[in-house]
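These notes concern the structure reproduced below.
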Amino acid sequence: MQIAYIDGRRLRRALTAACQWAREQRSELNRINVFPVPDGDTGTNLALTVQAITDHLARGDQQVVDFLP
């Protein structure tokens, strides 16, 4: 089934799934982190950033993309 439109609910679910995937890949991203400095924290930084996005999205229930929190 091909999706022909996107509303607030679909976009929120897609963003939440992408954020979950990024959090799950944190260790691997830390492992391969070599640019610009091999400090091994890129995965952690990304995981914290996407967690903030997920938390923000969870606060709203808008159905229209224009009004996503």
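Take region 13-22 and flag every residue that is surrounded by fewer than 16 Cβ atoms within 10 Å (Cβ to Cβ) and without any contact (Cβ under 8 Å) to a residue 40 or more places away in the chain.
Kept after step one, since they are surrounded by fewer than 16 Cβ atoms within 10 Å (Cβ to Cβ), are these residues of region 13-22: 13-14, 16-18, 20-21.
Residues satisfying the conditions are ARG13, ALA14, ALA17, ALA18, GLN20, TRP21.
Just checking, how many residues over region 23-59 are in contact (Cβ under 8 Å) with a residue 12 or more places away in the chain and not in a helix (DSSP H, G or I)?
1
From the list ASP39, ASP7, exactly one residue is over 17 Å from the mean Cα position of the chain (by Cα) and loosely packed, with under 12 Cβ neighbours inside 10 Å. Which is it? First the steps, then the outcome.
Numbers: ASP7 fails: loosely packed, with under 12 Cβ neighbours inside 10 Å.
Checking each option against the conditions leaves just ASP39.
Since every read-out is calculated from the coordinates, none of them should be taken as a lab result. All figures in this text were calculated on a predicted structure; none of them were measured in a lab. Neighbour counts are summed over all protein chains in view; Cβ atoms, including those assigned to glycine, are modelled from backbone coordinates with ideal geometry.
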